[in-house]
Amino acid sequence: MSSIIQVDPIVKCFSVTWMLGSRCNYDCMYCPSELHDHTSKHHSIDTLKQSWQQVVEKTQHLALPYKLSFTGGEVTTNRDFFPFLEWLKQQPYETQLFTTTNGSASIKYYSKLAQLLNGLTMSTHSEFIDEAKFFKIASVLNPIMKRPEKSLHVNIMNEHWNQDRIPHYVEYCQRHDISHSVNTIDYSRQTRITVYNRGKRNMVNV
């Protein structure tokens with residue numbers, strides 16, 4: 001019987017998943033409290049730079065490109081996030097940048113962000129989503145973030161109260177050739193049972 005000894009990435013890199021903070025403009029019922037709040041302070045660009053420079057100092061001897069994947073909280077609520085990405089792109093080493101977002105920022109913001117990112121993942125959260133805005137952003141970014149150089153992906157959260165809308169999300173992504181998946185949710189860490197909101201169900205003309 002054979003066994004797997006080692007799995008190597010196609011391109012060797014030093015990969016970091018970086019949670020920038022818990023601050024989020026949403027309050028999804030299944031998201032644990034340690035991953036979201038409305039009160040914690042955002043890290044300043046100076047703090048972010050110092051933190052990353054410490055990583056580089058300890059790893060640059062590996063001579064590997066960096067792969068940074070940012071998550072939160074909601075990263076786009078930090079005003080220093082975009083300037084920090086600009087700074088990272090100016091550094092004298094290869095860095096690929098990825099982030100996950102709830103899609104609540106503006107189309108203008110995401111269009112600028114797409115120029116810096118190698119990959120963007122947008123997650124539907126139906127308690128707070130503005131459907132028309134969310135999928136409009138996805139359709140605008142999709143041709144900008146063409147594979148294999150870049151990538152856009154939509155995580156369709158399989159919320160039990162939103163089952164009637166999920167087929168519409170899937171159909172839209174299929175029609176516009178947007179990479180997507182329907183994601184299972186772990187409700188064991190939920191912060192409440194009641195679903196407070198149902199977002200804006202307005203994707204009729206998208």
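The values are calculated or read from the model by the stated rules, or taken from the named source; none is laboratory data. Since we're looking at a predicted model, the values are computed, not measured. All Cβ positions, even for glycine, are placed from backbone atoms using ideal geometry, and neighbour counts span all protein chains on display.
Across region 21-66, the number of residues qualifying as assigned to a loop (DSSP other than H, G, I, E, B) and within 16 Å of HIS125 (Cβ to Cβ) comes to 12. Of LEU116, LEU20, all but one fail to be surrounded by 13 or more Cβ atoms within 10 Å (Cβ to Cβ), under 22 Å from PHE135 (Cα atoms), within 18 Å of the chain's Cα centre (by Cα) and among the hydrophobic types (A, V, I, L, M, F, W, C); the exception is LEU116. For the condition among the β-branched types (Val, Ile, Thr), touching a Phe, Trp or Tyr at 6+ places or on another chain (Cβ under 9 Å) and within 19 Å of HIS43 (Cβ to Cβ), THR124 does not qualify.
Being modelled with pLDDT of 95 or more, crowded, with 17+ Cβ neighbours inside 10 Å and over 27 Å from ILE107 (Cα atoms), is that true of even one residue in region 42-55? Yes, region 42-55 has at least one match. Looking across region 165-188 at every residue that is free of Cβ contacts under 8 Å to residues at least 60 places away in the same chain and assigned to a loop (DSSP other than H, G, I, E, B), the one that is surrounded by the fewest Cβ atoms within 10 Å (Cβ to Cβ) is identified as THR184. Residues in region 189-206 that are surrounded by fewer than 14 Cβ atoms within 10 Å (Cβ to Cβ) and over 19 Å from TYR26 (Cα atoms) were compared, and the one that is modelled with the highest pLDDT is VAL204.
With respect to the conditions (1) over 30 Å from THR184 (Cβ atoms); (2) touching a His at 6+ places or on another chain (Cβ under 8 Å); (3) in a helix (DSSP H, G or I), SER139 lacks only one, and its number is (1). When region 31-66 is filtered for residues that are out of contact with any Asp or Glu (no Cβ under 6 Å at 6 or more places or on another chain) and of a type in the set (A, V, I, L, M, F, W, C), the ones remaining, listed by number, are CYS31, LEU35, LEU48, TRP52, VAL55, VAL56, LEU62, ALA63, LEU64.
Selection of region 111-134 for residues being in contact with a Leu (Cβ under 6 Å, 6 or more places away or on another chain) and not aliphatic (A, V, I, L, M) yields only ASN118. Within the bounds of region 139-152, is there any residue that is touching a residue at least 24 places away in the same chain (Cβ under 8 Å) and farther than 27 Å from LEU97 by Cα? The answer is no; no qualifying residue exists.
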